[in-house]
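Just below is one structure, and these are the notes that go with it.
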Amino acid sequence: MKILKFGGTSVGSAERIKGLLQIVDPSERQIVVLSAVSGTTNALVEIGQAFLDSRRDEAKKLIKSHKDKYEGLIAALFTTEEGLKKGKELIDYHFNLIEALGNDLFTPTEEKVILAQGELLSTTLWHFHLQEIGVPSVLLPALDFMKIDEDNEPVVSYITEKLTPLISEHPDNMLFITQGYICRNSFGEIDNLRRGGSDYTASLIGAALGAEEVQIWTDIDGMHNNDPRIVSGTKPIANLSFDEAAELAYFGAKILHPQSVFPAQKYNVPVRLLNTMDPQAHGTLISKNGGEKGTIRAIAAKDGITAIHIHSTRMLLAYGFLRKVFEIFERYKTPIDMITTSEVAVSLTIDDTNNLLEIIKEVELFGKVGVDEGQTIICVVGDFRANTHGYAARVLDAVKHLPVRMISYGGSDYNVSILLDSTHKTEALRSLHTRLF
Ligand code: ADP
Ligand code: ASP
Ligand code: MG
């Protein structure tokens, strides 16, 4: 069984939705995961925010203008009267629901229900289109099998347990369709896997079913060796190891959701990144043995980082100090990304600042604390084993004209990370690109 995921631009118009069958072979047994039509989740975020801020009239205007787009989409997608009628009923249902949710007490719980409507719409629209043209398919509701626990971590065993019988009910069906991104949380409420989460859905399903392969179809020919939105002349990488891909996704390569490599890696399911606009292109194959010895592979950048600097003479010659500091972050469920230490100080970075004030209050009990917001981690991924090629020096040389705040090297064999103020990100990415590739 293969899992194919199509992102927002790959289902961005009626033409694209119809064109999915140029890639999807409906005679092969597979699960197709769809994102929302491009722009939809952003619009739903705006609508939810407007309701949260009690800007109801504005929310209603946004709902109306977004619904108009869908009216245009169904007019171009369906050719029969019956198809059009079903499409119309579908969008009426979802947009009425969105509006109704805003009429009552509106909390983040209702907001998440609104955010889920994009994937529910795109998958059902494609399913109706396939019905109209006589291609059999079964729609699997992600809310019946995709689940996160109290720590917002997906539960693979639960997915296996719930999804397997749903598929077995249709032994003769080949094409299954489901929603990316959406799930239920530990309270059974509608929730999601964070922005870009459809990649994660596909990889989780691949892991849960022990799939042969997960294919992520998007608008570019695979993982490039630098951010193509910022640097010109970037190139696709044919093969990556799970570790390299995980590092790049986690540290900002937007083509993949930050967590999405982990389930595939754990269950050893190869992931292919492919281009919907150029289906013949090789793209990137992420697999166990995809690494390449002795080279620098790629550069990625993660914004929105906060650096915390703790200066404490109590650290001098003391053991157990770092544990006490880390325990504070653990208590607030705040992951630490980078860390550097000296004899009397430690610097670390976080990207989740929801509990920053509480954390600082507690850390201040240990010494003087400084906080820098608006930082960027630049991550260079490659074969740094024993640094036989002098790569670390070349990385630092490329940013020697910029004020580097932290450096992390030696934590793994395949990563050097530097932290700098986000205002220097573009220059750092470009300079690294010219010197390293
Ligand atoms: P989708 O909607 O299909 O999920 P995304 O917009 O989430 O697509 O991801 C694809 C985009 O990621 C590309 O269009 C590209 O601009 C951006 N991107 C950022 N870094 C990289 C990279 N290193 N390699 C490829 N694409 C990248
Ligand atoms: N539609 C969701 C988003 O825009 C999920 C995804 O596209 O992967 O974040
Ligand atoms: Mg994406």
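A compact table of results
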{"quantity": "Residue count for the stretch 191-205, restricted to those that are closer than 21 Å to residue 238 by Cα and more than 10 Å from ligand 2 (Cβ to nearest atom)", "calculated": "1"}
{"quantity": "Residues that are within 16 Å of ligand 2 (Cβ to nearest atom) and surrounded by fewer than 21 Cβ atoms within 10 Å (Cβ to Cβ), drawn from the stretch 206-228", "calculated": "219"}
{"quantity": "Checking residue 395 against (1) over 16 Å from residue 305 (Cβ atoms); (2) under 26 Å from the mean Cα position of the chain (by Cα); (3) β-branched (Val, Ile, Thr), the condition it does not meet", "calculated": "(2)"}
{"quantity": "From the options 231, 214, residue that is assigned to a loop (DSSP other than H, G, I, E, B), more than 12 Å from ligand 3 (Cβ to nearest atom) and hydrophobic (A, V, I, L, M, F, W, C)", "calculated": "231"}
{"quantity": "When residues of the stretch 11-42 are limited to those that are of a type in the set (Ser, Thr, Tyr) and farther than 25 Å from residue 167 by Cα, the one farthest from ligand 1 (Cβ to nearest atom)", "calculated": "13"}
{"quantity": "Tally of residues being under 21 Å from residue 260 (Cβ atoms), within 16 Å of ligand 3 (Cβ to nearest atom) and either outside any loop (DSSP other than H, G, I, E, B) or touching a helix residue (DSSP H, G or I) at 6+ places or on another chain (Cβ under 8 Å) (or both) across the stretch 4-40", "calculated": "16"}
{"quantity": "Every residue from the stretch 240-273 that is within 15 Å of ligand 3 (Cβ to nearest atom), of a type in the set (A, V, I, L, M, F, W, C), touching a residue at least 40 places away in the same chain (Cβ under 8 Å) and assigned to a loop (DSSP other than H, G, I, E, B)", "calculated": "253, 256"}
{"quantity": "Failed condition for residue 113, given (1) touching a helix residue (DSSP H, G or I) at 6+ places or on another chain (Cβ under 7 Å); (2) at pLDDT below 95", "calculated": "(2)"}
{"quantity": "Residues within the stretch 274-292 that are part of a strand (DSSP E or B), more than 11 Å from ligand 1 (Cβ to nearest atom) and not aliphatic (A, V, I, L, M), tallied", "calculated": "1"}
{"quantity": "First in the stretch 7-32 and free of Cβ contacts under 8 Å to residues at least 40 places away in the same chain, second anywhere and within 16 Å of ligand 3 (Cβ to nearest atom), Cβ under 7 Å, 6 or more apart", "calculated": "8/35; 8/36; 8/37; 8/38; 12/37; 12/38"}
{"quantity": "Flag for residue 168 being out of contact with any helix residue (DSSP H, G or I) (no Cβ under 9 Å at 6 or more places or on another chain), polar (S, T, N, Q) and at pLDDT 95 or above", "calculated": "yes"}
{"quantity": "Residues within the stretch 387-425 that are aliphatic (A, V, I, L, M), closer than 18 Å to residue 346 by Cα and part of a loop (DSSP other than H, G, I, E, B), tallied", "calculated": "0"}
{"quantity": "One residue from 326, 366 being assigned to a helix (DSSP H, G or I) and either farther than 22 Å from residue 407 by Cβ or among the hydrophobic types (A, V, I, L, M, F, W, C) (or both)", "calculated": "326"}
{"quantity": "Residue satisfying condition, being over 13 Å from residue 117 (Cβ atoms), at pLDDT 95 or above and crowded, with 18+ Cβ neighbours inside 10 Å, within set 39, 48, 8", "calculated": "8"}
{"quantity": "When residues of the stretch 93-118 are limited to those that are in a helix (DSSP H, G or I) and without any contact (Cβ under 8 Å) to a residue 24 or more places away in the chain, the one nearest to the chain's Cα centre (by Cα)", "calculated": "97"}
{"quantity": "Residue match in the stretch 77-89 (condition: away from ligand 2 (no atom under 16 Å from the Cβ), within 22 Å of residue 177 (Cα to Cα) and among the small types (Gly, Ala, Ser))", "calculated": "yes"}
{"quantity": "One residue from 303, 352 being in contact with a Ser or Thr (Cβ under 7 Å, 6 or more places away or on another chain), under 30 Å from residue 5 (Cβ atoms) and part of a loop (DSSP other than H, G, I, E, B)", "calculated": "352"}
{"quantity": "The stretch 176-188: number of residues that are surrounded by fewer than 24 Cβ atoms within 10 Å (Cβ to Cβ) and in a strand (DSSP E or B)", "calculated": "3"}
{"quantity": "Among (1) surrounded by 15 or more Cβ atoms within 10 Å (Cβ to Cβ); (2) under 17 Å from residue 251 (Cβ atoms); (3) among the acidic types (Asp, Glu), the one test that residue 362 misses", "calculated": "(2)"}
{"quantity": "Qualifying positions in the stretch 52-64 - in a helix (DSSP H, G or I) and either surrounded by 13 or more Cβ atoms within 10 Å (Cβ to Cβ) or at positive phi (or both)", "calculated": "52, 56, 58, 59, 60, 61, 62, 63"}
{"quantity": "Single condition residue 67 does not satisfy, out of (1) crowded, with 20+ Cβ neighbours inside 10 Å; (2) more than 16 Å from ligand 3 (Cβ to nearest atom); (3) over 13 Å from residue 126 (Cβ atoms)", "calculated": "(1)"}
{"quantity": "Subset tally (residues that are in contact with a Phe, Trp or Tyr (Cβ under 7 Å, 6 or more places away or on another chain), hydrophobic (A, V, I, L, M, F, W, C) and near ligand 1 (Cβ under 8 Å from one of its atoms)) for the stretch 213-260", "calculated": "1"}
{"quantity": "Test: residue in the stretch 143-151 that is surrounded by 24 or more Cβ atoms within 10 Å (Cβ to Cβ) and either modelled with pLDDT under 95 or within 15 Å of ligand 2 (Cβ to nearest atom) (or both)", "calculated": "yes"}
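The values are calculated or read from the model by the stated rules, or taken from the named source; none is laboratory data. No experiment lies behind these values; they were computed from the predicted model shown. Backbone-built Cβ (ideal geometry, glycine too); neighbour counts: all protein chains shown.
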